[in-house]
Amino acid sequence: MEIVVIGGGVGGLAAALALALGGHRVQVLERAPRFAQGGPALRLAPNATAVLARLGLLDQVLDLGSRPRRAVLRDLGSGAELAELDLGAPLTARYGTPYVVVGRADLLSLLADACADADVELRPGREATSVDQSSFASSVMGGAVVTCVDGWMYAADVVLAADGAQSAARALLGGGEPAGDGWAAYRGTVPVDVLAADEADDEVVAWTGPDAHFTRYPIRVGEAYEQVAVFRSHLYPLVGAASPGGAGQGPPALDSPSALSWGGREELDEAFSWATEPVRAAVRLLRTDQCWRMLDQVPLPLWADGRVALLGDAVHPMPAYLAQGACQAIEDADALAGALADCQGPPGVAAALAGYQARRAPRAIRVSRARQVWESGPLPRRPADDYAASDWLYAPSEPLAFCVRGYRYRPR
């Protein structure tokens, strides 16, 4: 079948690759002038690396990324250790594939190259503005029609929208403008030599507290760390969407002191003023010229309609707590490839996409509502290699059974 994917991020490219390996003809429309845009590093848990392994990309991802030794949860105020999880060999043995941190641009470049090798048509500089699957569009163009801002039109048997929370296809499926809940994030990359002498350089560490948390993880073990501070703004209930950029993501109006704004540097400092000293010192090293207003909402009730389906942040924006945004988009890609594998041409598309929603929506809702790997709360006495409480999140989903062009799925 002919498939158009809107959005060349992790989810869009993973879906395009999986579908092309399954024998479909795929085009990817990306608004940016090139693929492999930069951004924060990605933490890929086994539920995502299992899919990358089936796509034949895991070895290359491991070459590009880093392998943290363990994850540690600490109290934000006291710094006391609350729980730990071994991310090394025991985790890989448990789930079959490892936990890895990789640069976003590195992963996107790898996916784009693999897509090109699989004959996916990559079209940068194509910003989709609408999707039409009316009977008129179908009769004239032969399928659902994607229109771009420059007038280019693309018809397909299936349209997959992976263009983020502001997706051009959200309105088609009854989704309004995505909203936030007053959470803001600041990020920054630091060299490993800023760590204190007693801090390990191969750990993912999260300090958690009420209305704030701080995470540090290695993007290159022994060389550099990414740090992320997330907090709930106390100004948001007062100004909300009236503030510049308040309804979405982006930088605050730092150059306009008189403007109503939330999530600014003063709130950042206040949110972590009571934190343990290592966190307060780390917060001072963050870039404060860019604040990300976070989208935190439940997935849309409708993921697919007719020939059109959403995936990734377009349908289920993920909070930052579990670092599962990219992982869940990769799971979506995997599920879409499985759902469309046995589809007998355009007449079966609607049923196949409905099956995709039935398979993925309950899990995405559960992940979007969780605030930590340990859903019932961390258990300090649990051994680091006891994964019973993390199976729900990290255990790879069983793929549907098919094998085309080397894209191998294990049967149930």
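The values are calculated or read from the model by the stated rules, or taken from the named source; none is laboratory data. Predicted model, so just to flag it, every value in this text is computed and none were measured. Note that we place each Cβ from the backbone using ideal geometry, even for glycine, and neighbour counts take in every protein chain shown. Remember, those area values only see protein heavy atoms, side chains included, never the ligands or the DNA or RNA. Shrake-Rupley method; radii C 1.70, N 1.55, O 1.52, S 1.80 Å.
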Against the definition (in contact (Cβ under 8 Å) with a residue 12 or more places away in the chain, surrounded by fewer than 18 Cβ atoms within 10 Å (Cβ to Cβ) and either out of contact with any Phe, Trp or Tyr (no Cβ under 6 Å at 6 or more places or on another chain) or over 30 Å from residue 276 (Cα atoms) (or both)), how does residue 103 come out, yes or no? no
For the stretch 22-77 the number of residues that are among the charged types (D, E, K, R), under 18 Å from the mean Cα position of the chain (by Cα) and either open to solvent by less than 20 Å² (accessible area, probe 1.4 Å) or over 30 Å from residue 2 (Cβ atoms) (or both) is 1
- [ ] Please tell me if residue 82 is modelled with pLDDT of 95 or more and part of a strand (DSSP E or B).
- [x] no
When residue 64 is run through (1) farther than 25 Å from residue 18 by Cα; (2) touching an Asp or Glu at 6+ places or on another chain (Cβ under 6 Å), the failure sits at (1)
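Condition check ((1) under 24 Å from the mean Cα position of the chain (by Cα); (2) in a loop (DSSP other than H, G, I, E, B); (3) at pLDDT 85 or above) across all residues:
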residue	(1), (2), (3)
217	yes, no, yes
228	yes, no, yes
231	yes, no, yes
237	no, no, no
248	yes, yes, no
261	no, yes, no
Next on the checklist: On the basis of being of a type outside the set (Ser, Thr, Tyr) and modelled with pLDDT of 90 or more, does residue 223 make the cut?
Outcome noted: no
Taking the stretch 16-43 and keeping residues of a type in the set (S, T, N, Q) and either touching a Leu at 6+ places or on another chain (Cβ under 6 Å) or farther than 24 Å from residue 290 by Cα (or both) leaves 27
Across (1) in a helix (DSSP H, G or I); (2) open to solvent by 70 Å² or more (accessible area, probe 1.4 Å), residue 198 clears everything bar (1)
Among residues of the stretch 132-144 being surrounded by 12 or more Cβ atoms within 10 Å (Cβ to Cβ) and under 17 Å from residue 345 (Cα atoms), the residue modelled with the highest pLDDT is 144
With the first residue restricted to the stretch 14-26 and required to be more than 17 Å from residue 163 (Cα to Cα), and the second required to be aromatic (Phe, Trp, Tyr) and assigned to a loop (DSSP other than H, G, I, E, B), Cβ contacts under 8 Å at 6 or more apart or on different chains are 22/402
Selection from the stretch 80-94 of residues in contact with a helix residue (DSSP H, G or I) (Cβ under 9 Å, 6 or more places away or on another chain), open to solvent by 10 Å² or more (accessible area, probe 1.4 Å) and either closer than 15 Å to residue 69 by Cβ or hydrophobic (A, V, I, L, M, F, W, C) (or both) yields 92
**Request:** Determine whether residue 97 is assigned to a loop (DSSP other than H, G, I, E, B) and either buried (at least 20 other Cβ atoms within 10 Å of the Cβ) or not hydrophobic (A, V, I, L, M, F, W, C) (or both).
**Result:** yes
Within the stretch 291-313, the count of residues that are in a loop (DSSP other than H, G, I, E, B), open to solvent by less than 20 Å² (accessible area, probe 1.4 Å) and modelled with pLDDT of 85 or more comes to 2
Given (1) of a type in the set (A, V, I, L, M); (2) outside any strand (DSSP E or B); (3) within 19 Å of residue 361 (Cβ to Cβ), residue 323 misses just (3)
